[in-house]
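What follows is calculated from the coordinates using simple rules that are stated; it is not laboratory data. These figures come from a predicted structure and were not determined experimentally. Methodologically, a virtual Cβ is constructed for each residue, glycine included, from the backbone with ideal geometry; neighbour enumeration extends over all protein chains shown.
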Amino acid sequence: MKRIIILGSTGSIGTQTLDVVRAYPGEFQILGLSAHSNASMLEKQVAEFKPKYVLQTSESENPEAALNELVCAPDADLIVNAISGSAGLMPTFAAVKAGKRIALANKESLVMAGELIMELAKKTGAEILPIDSEMSAIWQALGARKSEVEKIILTASGGPFWGFSRKKLEGVTAKQALNHPTWDMGQKISIDSATLINKAFEIIEARWLFDVPPEKIDVVIHRQSIVHGMVQFCDGNISAILSQPDMRLAISYALNSPDRAPNNFQRVDFSKLNLTFGKPDYNVLEGLKMAYEVLKAGGIMPAVFCIADEIAVKKFLNGEIPFLGIYDFIKRSLENVKNTNVDIESIQELSLRVQRSNPSL
Ligand code: NDP
Ligand code: MG
């Protein structure tokens, strides 16, 4: 039995990870669970899975230290990091430092500190297995020497506002933004999908996970979310991974890796499909452009991008700024924060700097 610790067990990915565990009886043992504020759901999960370690971070005096201790548990075979937002960074870092095997949903870890994390993983022997569906697809499709990869192609659904004019975007509400056409996800990633900043994060995620330069990463709009990612090789052949838009498939692949294990999750019925592909938008939904810009700037800028987005998404959900204000907030933050070399300490204190750089808000 693989012994698993799930961070963020009460969220969208966390609960789906528990579903995957239920789908493979006898294969996985839940060794530890962490949640933040949802005590009642955590209690139910504890009653069902009887983990040895339980942590509710909102009740902890020092949540960061408690999470660090949890991910370093010597009896864990796999750590699933399904915390949302920048709070996921330090647990990823601690697990990598301890040389663990990590199934990573928390893309913000790699957006903020991808280079540091991947370098550290090389030293400690930590393994990072992606859960994000596009990253899982690329991981599955690669199967070649890196020098033979011409391009990585990430698909994007385009989110609920695909095709909207800037004028039309001015009036959109949080409720509309949370209503994603193909995926049912946590609040932050749903808003990030509406701005296309989620796809921007995935460009950065892929850049570090697969060590490919940004100019070799393309995005294509694919509304149906059936093709999750493609690898184009130097001879023009393309390998693609397709499945129903169901995160449990990507989670199952990471949990069972290096094996594939049978399940009864829904299959693709090609007779009912009409797959379409289109050019992404870099000007109205400006998220994508920002990924290439912050990667080019390097240093601490990808982390500023990530933190500024997190603050802006909260403000949008609280009704403090309009939808397009998310881009304005990020742009202002990127202009006002001085770039420095990236290290884990400077990233940790970044949140305050970004807040300070936007005194008007
Ligand atoms: P949710 O908001 O649904 O869940 C987040 C989880 O993290 C909850 O268990 C929550 O606890 C916990 N959490 C929140 N804040 C903190 C904190 N400060 N410290 C510790 N734990 C905290 O998010 P998702 O499951 O949608 O997303 C999780 C991660 O996976 C994100 O990085 C996202 O980008 C990524 N991802 C998600 C996909 C999806 O389909 N949902 C797809 C691909 C990637 P509680 O609820 O108890 O407060
Ligand atoms: Mg994704």
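Things worth noting here:
- Cα centroid separation, the range 43-111 to the range 188-261: 23 Å.
- Rounded to the nearest whole Hz, the Karplus-based 3J(HN,Hα) values (6.51 cos²θ - 1.76 cosθ + 1.60, θ = phi - 60°) of the range 45-56 follow the sequence 5, 5, 5, 6, 9, 6, x, 6, 10, 9, 9, 10, with x at glycine and proline.
- Cβ-derived FRET efficiency at R0 51 Å, residue 340 paired with residue 238, nearest 0.05: 0.85
- Each Lys and Arg Cβ is given +1 and each Asp and Glu Cβ -1; about its Cα centre, the range 164-208 then shows a dipole of about 240 debye.
- Cα gyration tensor, the range 69-180 - rounded (a/c under 1.5), prolate or oblate: oblate
- Total charge dipole magnitude, the chain, about the Cα centre, Cβ charges on Lys, Arg, Asp, Glu only, Debye to nearest 20: 480 debye
- Computed from the C-beta positions of residue 356 and residue 170 and an R0 of 25 Å, the FRET efficiency is 0.35 to the nearest 0.05.
- Since only 231, 172, 210 are under comparison, the one whose Cα sits farthest along the positive direction of the charge dipole of the range 163-247, derived from C-beta charges on Lys, Arg, Asp and Glu, is 172.
- Dipole magnitude of the range 1-123, debye to nearest 20 (Cβ charges: Lys/Arg +1, Asp/Glu -1, about Cα centre): 380 debye
- Exposure rule at most 15 other beta-carbon atoms within 10 Å, DSSP loop trypsin sites (Lys or Arg not before Pro): the chain longest free segment: 146-259
- Gyration tensor (alpha-carbon) shape descriptor, the range 8-101, a/c threshold 1.5: oblate
- Within a straight-line Cα-Cα reach of under 21 Å, residue 44 can be paired with the following lysines, leaving aside sequence neighbours fewer than 8 residues apart in one chain: 52.
- Under 17 Å of direct C-alpha separation, and excluding same-chain neighbours fewer than eight residues apart, residue 151 reaches these lysines: 199, 216, 279.
- Rounded to whole Hz, the Karplus (6.51, -1.76, 1.60) HN-Hα couplings of the range 163-176, x for glycine and proline: x, 6, 7, 4, 4, 5, 5, 4, x, 6, 9, 4, 4, 5
- Its DSSP H runs of at least 4 residues, each contributing -39,500 (n - 2.57), put the calculated 222 nm mean residue ellipticity of the chain at -13000 deg cm²/dmol, to the nearest 500.
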